[in-house]
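Worksheet: one structure, shown below.
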Amino acid sequence: MIKTEQPYQTICCICENLRVFLKWLFVALITGGLIGGVGSLFHIALNYATELRITHGWMIWLLPLAGVLIVFLYRLCNIREPRGTDLVIEAVRTSEELPAIMAPLIFVSTILTHLCGGSAGREGAVLQIGGSIGNKLGKCMRLDDEKSKNIMIMCGMSAAFSALFGTPVTATVFSMELISVGVMYYAALVPCAVSAVIALEVARACGVAPEAFQVYGIPDTNIGSISRVLVLSLLCAGLSIVFCFCLHQAGRLYKKYLSNQYLRAAAGGALVLLLVLVFQTREYLGAGMDVIERSIQGEALPWAFALKLLFTAVTLGAGYKGGEIVPGFFVGATFGCVVGGFLGLHPSFGAALGLVALFCGVTNCPITALMLAFELFHFTGVLFFLLAVAVSYMLSGYFSLYSAQKFVYAKTRPEFINRCAH
């Protein structure tokens, strides 16, 4: 009797797996196509806003007004305390609802931030756009159970990230690894991977070029080069703690001394403009991709990482929108370029290491960071990036850009801790 039932159960299991696979394949194709288009539009709009700001320099003086407008838009949609990417993370892990209005809100408010010179990134926006649209698509397709909703949010996040950065492997792993440190949501692998690849192809068709850099001066593998990489990675881990602390503390200070959101946004914009006047530079406005590119070419000012951190904390703490990861790329690349050169590494290679190590430290996503290094830097210096990611992950502690991120397992021992990030 048992022998008769086993083949039948095996066939049923295979058929059920095939049914689920076909369902998610269909859903991911639609999600990747739609969100790939939206992500491409977002990329093009951001580039246009940046070019407009550079061409018409007077636009930065509208930054306080842009901040007030962002607060007004969120208030108009009955969102008084925006939680941004933290809300997306909570929605994946729990039954928290993700409002559809989040996508157009973060789209417009991020464009406003970049148009007027706020120091912010873009990945936080795409995670929110992708997660919100993915959630809405799931409802339209009647995928109403909670587990399907969670997968749809991750699927949307992967598609949007892939369309914007052109890194589908990183995008696939990031959405599965970000939510709970120590646990990977492998059930979302097929929909996340398929949607990321489709979104990449849509972005390419729209003329969005993937991000990629040429790294110079990768050393031979020996005790000396390994030691230098370990020291730089350790320093980047410490810097990632400072980065997270400063961004969170800036928000707390704004709320402590300026309880009114409109005043907070206006004051933050005014402070950014004051910093521009004091330091006589506009290089720290916007995302700063041009500075990142120069760093990986081997050129960076010794104080660039500190000023970018300051500009970003003042901007995002006041309530402007965008993201923290690209500013993190800026801080890590410029820091690695300078300190790597001081340690005896080629500045270009040091910048690449710094970018990846800091990203790992602030997101607590080591596999994603390693995939990012492979895709951005053409699979060069693999062993060194592996060491940088491992060291940064362990030594960055339980700090994170996202307070909703949970550490399921400890970083230094195989122990279940289930604690929230600092």
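Note on the range 1-102: enclosed helices (runs of 4 or more DSSP H) holding 3 or more residues that are touching a Cys at 6+ places or on another chain (Cβ under 9 Å) and not aliphatic (A, V, I, L, M) are 2-55. Among the residues of the range 242-275, the one identified as buried (at least 20 other Cβ atoms within 10 Å of the Cβ) and more than 18 Å from Phe311 (Cβ to Cβ) is Gln261.
Anything in the range 176-195 that is under 18 Å from Lys23 (Cβ atoms) and either assigned to a loop (DSSP other than H, G, I, E, B) or within 18 Å of the chain's Cα centre (by Cα) (or both)? List them, or say none.
Of everything in the range 176-195, those that are under 18 Å from Lys23 (Cβ atoms) and either assigned to a loop (DSSP other than H, G, I, E, B) or within 18 Å of the chain's Cα centre (by Cα) (or both) turn out to be Tyr185, Cys192, Ala193, Ser195.
The sole residue among Gly121, Gly134, Gly138, Gly130 that is part of a loop (DSSP other than H, G, I, E, B) and not hydroxyl-bearing (Ser, Thr, Tyr) is Gly121.
Of the residues Ser195, Ser175, the single one that is closer than 17 Å to Glu324 by Cα, open to solvent by less than 20 Å² (accessible area, probe 1.4 Å) and in contact with a Cys (Cβ under 6 Å, 6 or more places away or on another chain) is Ser175.
For (1) of a type in the set (S, T, N, Q); (2) surrounded by 24 or more Cβ atoms within 10 Å (Cβ to Cβ); (3) under 14 Å from Cys365 (Cβ atoms); (4) touching a residue at least 60 places away in the same chain (Cβ under 8 Å), each residue gets a yes or a no:
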{"site": "Gly121", "(1), (2), (3), (4)": "no, yes, no, yes"}
{"site": "Cys140", "(1), (2), (3), (4)": "no, no, no, no"}
{"site": "Leu164", "(1), (2), (3), (4)": "no, yes, no, yes"}
{"site": "Val169", "(1), (2), (3), (4)": "no, no, yes, yes"}
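I'd like to know if the range 335-342 contains one or more residues that are surrounded by fewer than 23 Cβ atoms within 10 Å (Cβ to Cβ) and touching a residue at least 60 places away in the same chain (Cβ under 8 Å). Among the residues of the range 335-342, not one is surrounded by fewer than 23 Cβ atoms within 10 Å (Cβ to Cβ) and touching a residue at least 60 places away in the same chain (Cβ under 8 Å), which makes the answer no.
Would you confirm whether or not the range 347-354 contains a residue that is hydroxyl-bearing (Ser, Thr, Tyr), at pLDDT 95 or above and part of a loop (DSSP other than H, G, I, E, B)? Among the residues of the range 347-354, not one is hydroxyl-bearing (Ser, Thr, Tyr), at pLDDT 95 or above and part of a loop (DSSP other than H, G, I, E, B), which makes the answer no. Scanning for something touching a residue at least 24 places away in the same chain (Cβ under 8 Å), outside any helix (DSSP H, G or I) and open to solvent by 10 Å² or more (accessible area, probe 1.4 Å), does the range 308-319 turn up at least one residue? Yes, the conditions are met somewhere in the range 308-319. The criterion of at least 2 residues that are modelled with pLDDT of 95 or more and closer than 28 Å to Gly397 by Cα is met, among helices (runs of 4 or more DSSP H) falling completely within the range 209-303, by 223-257, 289-296.
The values are calculated or read from the model by the stated rules, or taken from the named source; none is laboratory data. Keep in mind that what you see is a predicted model, and the values were worked out from it rather than measured. Cβ coordinates were reconstructed from backbone atoms using ideal geometry, including for glycine residues, and neighbour counts include every protein chain displayed. Only protein heavy atoms, including side chains, enter the accessible area calculation; ligands, DNA and RNA are left aside. Shrake-Rupley method; radii C 1.70, N 1.55, O 1.52, S 1.80 Å.
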